Amino acid sequence: MEHPKRRSHALTGEVNFAQEDDKRLETTRARLSNVLKRHQALTERLQRDSDKMMFDRLIKEFDAARASQTDEISLEDEQWNDGLLATIREKVHMEADRKASLHEANETSMPTDPLLDAKITYRIGNKIICCLEDARIGIQYETSFAGEPCEIYHCVLESKSFLEKMTVIQHTVPFFLPIREAENDLLSSNAIKFIDYVGAICQAYVDRREQVRLIKELYGNQIKDLFHSLPYNMIDFVLDDFDCKVTVSLRYADLVSILPSRIRVLAWPLHPSKKVLGTEKKGSIAAAQSIPSRLSYAEDALRTMSLPEAYAEIVLNLPRVLQQMFPPGAT
């Protein structure tokens with residue numbers, strides 16, 4: 001008779017110990033979540049403050065360039081090539097040289113030149129290419145989400161002469177996106193690829209950020225402990241409004257991807273220690289159920305759908321799947 005009692009006391013001790021562990025983990029998680037939220041808010045505020053003056057200055061300059069344009073040409077992807085970029089570079093340098101010559105000769109009027117007098121702006125996808133003063137080329141990136149316009153970013157390129165390499169002299173791209181690394185790797189060898197890559201990482205960042213914002217807006221009461229990196233290429237969150245705790249971990253292959261490449265969705269029985277009953281058989285069942293199970297259908301949805309769409313699909317089927325994985329009779 002003493003053996004079952006000793007076993008019962010041991011199981012009770014295990015339950016109390018597990019519950020204390022749960023409380024400590026929840027406290028630590030809550031503190032970490034608050035620290036990350038404060039860090040993100042401070043970082044975004046610093047970025048806005050530092051970029052605002054440059055953004056205001058560049059938006060005025062780009063608006064002035066577009067207001068003075070004589071034509072805007074929309075190009076297909078295959079028309080956006082090295083030859084066109086070379087033409088634009090040559091034009092801004094010729095225009096700068098002509099103004100410098102006029103200034104040196106103290107002339108008040110500039111001779112007409114149909115080629116140089118034409119103010120042409122080029123639109124390629126979400127990019128607008130403008131010729132700016134002082135032999136500079138400006139690129140304006142227009143981002144969007146679900147068909148609605150979002151932020152506008154700018155990048156200004158300059159070179160000492162037509163034959164020298166270009167450099168980025170100004171930009172309003174978020175500081176955590178690797179524009180300087182891209183400049184070092186691409187701009188001197190493949191300027192077209194650099195310009196396109198900057199537009200792609202800006203659009204992908206906005207898209208992933210808006211996906212997270214939307215699921216928080218629609219399903220915030222079901223989501224807790226949502227963590228993400230600033231470029232939103234790492235996203236983790238927990239669903240805790242069900243009989244089980246579901247953890248979602250998303251990793252993106254690169255900063256251009258909109259859909260994740262590595263996905264892990266696990267279902268954990270909620271407080272499995274509470275399922276431990278007085279017999280050894282039932283205690284072993286609860287211990288087995290404390291091991292998480294992968295939700296393959298959820299991972300498939302996240303691999304092919306946007307985050308809000310996949311979330312709706314996951315939640316719709318979650319009760320049925322959880323009932324199959326953790327049937328009530330098993331506890």
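The values are calculated or read from the model by the stated rules, or taken from the named source; none is laboratory data. Fair warning: this is a prediction, and the values are worked out from it, not measured in the lab. FYI the Cβ positions are ideal-geometry reconstructions off the backbone, even for glycines, and counts take in every protein chain you see. Heads up: the accessible areas ignore ligands, DNA and RNA and are worked out on the full protein's heavy atoms, side chains in. Shrake-Rupley method; radii C 1.70, N 1.55, O 1.52, S 1.80 Å.
Brief remarks follow.
- For the stretch 136-161, the set of residues classified as among the hydrophobic types (A, V, I, L, M, F, W, C) and within 24 Å of Arg66 (Cβ to Cβ) consists of Ile137, Ile139, Phe145, Cys150, Ile152, Cys155, Val156, Leu157, listed by residue number.
- If you go through the stretch 197-235 and keep only what is farther than 27 Å from Asn34 by Cβ, touching a residue at least 60 places away in the same chain (Cβ under 8 Å) and open to solvent by 50 Å² or more (accessible area, probe 1.4 Å), you end up with nothing.
- Taking the stretch 243-263 as the range and being assigned to a loop (DSSP other than H, G, I, E, B) and open to solvent by less than 40 Å² (accessible area, probe 1.4 Å) as the test, the residues that pass are Tyr252, Leu255, Ser257, Pro260.
Yes/no per residue for (1) in a loop (DSSP other than H, G, I, E, B); (2) farther than 30 Å from Glu181 by Cα; (3) at pLDDT 90 or above:
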residue	(1), (2), (3)
Asp236	no, no, yes
Val265	no, yes, yes
Leu277	yes, yes, no
Ile285	no, yes, no
Gln323	no, yes, no
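- Any hit, the stretch 133-145, residues being open to solvent by 40 Å² or more (accessible area, probe 1.4 Å), of a type in the set (Asp, Glu) and at pLDDT 95 or above: yes
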